[in-house]
Amino acid sequence: MKQLYLLLSKNQKKIKLLFLLSYISIIIMYVMSIWGYERFDLIKNISGELGEKFGQITIVLLTATLIPGMLKRFGILKRLSSILILFRRQLGVLSFFTAIAHMGFNFSIPYIASGTNFIPDLLKNYLTGFAAITIFFLLWVTSNDFSMKFMGKWWKYLQRLSYLAILLLILHTLDAGSKFSLVLGGVLSLEVLSWIYYFKKSRNQTVSIIASN
């Protein structure tokens, strides 16, 4: 695990370039789908499949961004946590892009391609998913060093909106009848347990220090 961390750390720039290529690839697929949705049945069929896959990928990536914090609070698998932290920001940004792609391929692209206004239907039937993506957008635009320095402690508070996004995604996946709602429910439960464990451990340490003095 240590050697893997050193290898990834040494090649951070190259790996981050792969993330950048992933963002660009998703944008290209999105634009091509809008262009060809009404022109080619193949693109229309592929768009539907991509929408489902990107939704699943979003959940996996979001989970990956939360794992380091949970492991740190539980005090286990520190090296694995360190590996994920190397690219935590990039994973978060990629989860935003895949979430947008999920909404696009599953919902908005057919409307855009046909020139129909999709906003009323979005707010009526897909409000939880749209709210989650709105939170992802806020996290995305603040995922940079400038925002961290400018916002100070408030940056961490803003990042914790990811918990609300998970709750919204649970409601969204339940409404869609997806089994991934169970995955998200498990992730949120572990997140809560890790905080309970962390605060309980901190309290015990404080009590021990006071008692020793």
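Observations on the model:
- Where labels lie 7 Å past Cα in the beta-carbon direction, separation of L42 and L127 in nm: 4.2 nm
- Taking the square roots of five times each eigenvalue of the Cα gyration tensor of the chain, the equivalent ellipsoid has semi-axes of 36, 21, 15 Å, listed largest first.
- Cβ-Cβ distance of A176 and A64, R₀ of 22 Å, FRET efficiency by 1/(1 + (r/R0)^6): the value works out to about 0.50.
- Full extension of the chain between V141 and L167 gives 7.3 nm of extra length, using 0.36 nm per residue less the Cα-Cα distance.
- Using Cβ point charges alone (K and R +1, D and E -1), the dipole size of the range 102-201 about the Cα centre works out to roughly 480 debye.
- Taking the range 2-212 and dividing mean pair separation by its residue count, relative contact order in percent (alpha carbons under 8 Å, at least six apart): 22 percent
- Per-residue ellipticity at 222 nm, computed for the chain from helices alone with -39500 (n - 2.57) per DSSP H run of at least four residues, works out to -28500 deg cm²/dmol.
- In the chain, a dipole from Cβ-located charges (positive for Lys and Arg, negative for Asp and Glu) runs towards its positive end, and of L80, L61, P110 it is L80 whose Cα lies farthest in that direction.
- Extension gain (nm, one decimal) between Q56 and F74, 0.36 nm per residue minus Cα-Cα: 3.8 nm
- Approximating the spin labels as points 7 Å out from Cα along Cα→Cβ, the S114-to-S22 distance works out to 3.3 nm.
- Footprinting exposure proxy for I133, I196 (fewest neighbouring C-beta atoms within 10 Å first): I196, I133
- For the chain, size of Cβ-based charge dipole, Lys and Arg +1, Asp and Glu -1, in debye: 1380 debye
- Projected label points at M32 and T206, each 7 Å from Cα along the beta carbon direction, are separated by 5.6 nanometres.
- The chain: DSSP helices with Cα axial extent of at least 20 Å and average Kyte-Doolittle hydropathy no lower than 0.5: 12-36, 41-74, 88-103, 127-141, 161-176, 180-212
Every read-out reported here was derived from the displayed coordinates using simple, explicitly stated rules and does not represent laboratory data. The structure displayed is predicted, hence computed values, not measured ones. Glycine gets a Cβ as well: all are built from the backbone with ideal geometry, and neighbour counts include every protein chain shown.
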